[in-house]
1. So what are the ³J(HN,Hα) numbers for the stretch 47-57, from phi and the Karplus equation (6.51, -1.76, 1.60; θ = phi - 60°), rounded to whole Hz, Gly and Pro as x?
2. Quick one: Karplus J couplings for the stretch 26-43, per residue in order, coefficients 6.51, -1.76, 1.60, θ = phi - 60°, nearest Hz, x for Gly and Pro?
3. What 222 nm value per residue comes from the helices of the chain, counting each DSSP H run with n ≥ 4 as -39,500 (n - 2.57) and dividing by all residues, nearest 500 deg cm²/dmol?
4. Relative contact order, percent, of the chain when contacts are C-alpha pairs under 8 Å separated by at least 6 residues?
5. So what are the ³J(HN,Hα) numbers for the stretch 99-112, from phi and the Karplus equation (6.51, -1.76, 1.60; θ = phi - 60°), rounded to whole Hz, Gly and Pro as x?
6. Could you tell me, in Å, what Rg and Dmax come out for the Cα atoms of the stretch 75-132?
7. Hull surface divided by four, with the convex hull built on the Cα atoms of the chain: how many nm²?
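Derivation of every value follows stated rules applied to the coordinates shown; laboratory data play no part. Since the model is a prediction, treat every value here as computed from it, not as a measurement.
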Amino acid sequence: MSIPGVFQGVQSLDEEARRAVREGLDEESLAIFDLLRRPELTAKEIKRIKKVAVELLAVLKERIQEIDHWRDSETTRDTVRVEIHNFLYRDATGLPEDFYTENDVEAKTDEVFQHVFRAYPTIPSPFYEISV
């Protein structure tokens with residue numbers, strides 16, 4: 001492993017952390033936000049997507065903590081996937097319906113589920129630094 005390669009990796013992580021700060025999100029919420037965001041959103045919708053990302057992540061973390069080894073059975077995986085879908089589809093909590101069709105919600109549900117499956121085998125996630 002070369003030192004320049006290590007430096008570039010660290011620099012890249014720092015850039016992502018700075019972007020999270022610029023967006024007003026932590027790195028975990030930023031990942032969800034990036035999955036939900038679409039290029040044609042207005043500033044108002046971007047603000048809503050940020051809120052959705054933060055709130056959805058909080059709900060998922062709580063739900064995953066309640067389920068022992070949530071990734072081990074189809075039933076528990078489906079429970080988490082349904083939680084994501086319902087959250088994104090609900091008028092009060094979800095994606096702006098003027099910009100997201102039912103098919104979009106399905107696609108975003110799948111993307112978020114795949115991310116959560118990989119990044120959250122446990123809570124807290126071993127893939128994100130814990131801020132102290």
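1. Values, residue by residue: 4, 5, 5, 4, 4, 4, 4, 5, 5, 4, 4 Hz.
2. These are the phi-based 3J(HN,Hα) values: 8, 5, 5, 5, 4, 4, 5, 4, 4, 6, 8, 5, 10, x, 8, 6, 7, 4 Hz.
3. -23000 deg cm²/dmol
4. 22
5. Karplus values, whole Hz, x for Gly and Pro: 10, 10, 7, 4, 5, 4, 4, 4, 5, 5, 4, 4, 5, 5.
6. My reading of the Cα-based Rg and Dmax gives 13.2, 39 Å.
7. Convex hull of Cα atoms, orientation-averaged projection: 9.9 nm².
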